[in-house]
Amino acid sequence: MFKGRSLSKVVAVFRQPEAAELAREKVKSAAGLDDGQVRVVGPHDTPWIRQPEPPRESIARAALRVQLTSILAGIALAMAVWLILYGLEVDVIAATPVPSLVAIALIGTMLGLFVGGALSVGERDGTLERVRQAARTGRWAVVVQPLSLAQLERALGILQATGAPVARSL
C-alpha cells in the first residue's frame, strides 16, 4: 500500500552532544541515509523545538487520503477473496454470487476503515514530543526519518546498540 516506504520516525536521546553526533554518523553511513533524513536536535535548536504543528487542513487531507487508500485496498482484497471462493466453487458463493459479493465487499470496506483509522492516528505516540522534551532538558536527540523498511530496521538496530533510549512512531 505504501510502496515499501516507511512512515516511521526513530528517535534516540543522548546526554552528550558527541554521543549524539557519533550515533548520527553511524546511522547515516550504515543505513545509507542522507543529511536530510538524520539530524541531531539539541537545546540550541529553538526553532525546531517551537515548530508548530501542521495546519488542521493538511492533517485532515492526509487522514482522508489514508482512509480512502485503506478502504480501496480493503475492497480490492475482499474482491480477490470473493474471486478465489467463486473459483473454488464454494456452495454459498456459487448459489448467491451477487449478495455474497456485496457482503464480502462490505466486510472489506469495514476492515479498510479500521486499518485507515489506525494508520491516521499519526504522531500521537509522542516521538516528536520526546525530542522537544529532551532539548528542553539539555539533552540531544537523533531524529531519523527512513524512506524504506530496510533503512528503518538498520537505524533501529544501530540506535538500540548505543544503549540510549529509543522510540519510534508507527
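Filtering the stretch 88-102 to residues that are surrounded by 14 or more Cβ atoms within 10 Å (Cβ to Cβ) and more than 18 Å from A73 (Cβ to Cβ) leaves I93, S100. Residues in the stretch 150-165 that are closer than 17 Å to E18 by Cα and surrounded by 14 or more Cβ atoms within 10 Å (Cβ to Cβ): 5 in all.
A135 satisfies every condition listed in (1) modelled with pLDDT of 90 or more; (2) of a type outside the set (D, E); (3) more than 23 Å from L68 (Cβ to Cβ) except (1).
Yes or no, residue by residue, for (1) within 26 Å of Y86 (Cα to Cα); (2) touching a helix residue (DSSP H, G or I) at 6+ places or on another chain (Cβ under 8 Å); (3) assigned by TED's automatic domain parsing to the domain that holds S70:
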site: I104; (1), (2), (3): yes, yes, yes
site: I107; (1), (2), (3): yes, yes, yes
site: G112; (1), (2), (3): yes, yes, yes
site: L128; (1), (2), (3): no, no, no
site: Q133; (1), (2), (3): no, no, no
site: G138; (1), (2), (3): no, no, no
site: A141; (1), (2), (3): no, yes, no
site: V144; (1), (2), (3): no, yes, no
site: L147; (1), (2), (3): no, yes, no
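Contact annotation: residue pairs with Cβ atoms under 9 Å, 6 or more positions apart or on different chains, pairing a residue in the stretch 139-161 that is within 24 Å of H44 (Cα to Cα) with a partner that is aromatic (F, W, Y) and not in a helix (DSSP H, G or I), are R139/F14; W140/F14; A141/F14; V142/F14. Among residues that are surrounded by fewer than 14 Cβ atoms within 10 Å (Cβ to Cβ), more than 35 Å from the chain's Cα centre (by Cα) and free of Cβ contacts under 8 Å to residues at least 60 places away in the same chain, A80 is not included. Which one of these does T46 not meet: (1) among the β-branched types (V, I, T); (2) at pLDDT 85 or above; (3) surrounded by fewer than 17 Cβ atoms within 10 Å (Cβ to Cβ)? That leaves (2) as the condition not met. Regarding the stretch 53-68, can at least one residue be identified that is touching a Ser or Thr at 6+ places or on another chain (Cβ under 9 Å), at pLDDT 85 or above, surrounded by 13 or more Cβ atoms within 10 Å (Cβ to Cβ) and in a helix (DSSP H, G or I)? Yes; the residues of the stretch 53-68 include at least one that is touching a Ser or Thr at 6+ places or on another chain (Cβ under 9 Å), at pLDDT 85 or above, surrounded by 13 or more Cβ atoms within 10 Å (Cβ to Cβ) and in a helix (DSSP H, G or I).
The values are calculated or read from the model by the stated rules, or taken from the named source; none is laboratory data. What you see is a predicted model, and the numbers here were worked out from it, not measured in a lab. Note: ideal-geometry Cβ built from the backbone for every residue, glycine included; neighbour counts use all protein chains shown.
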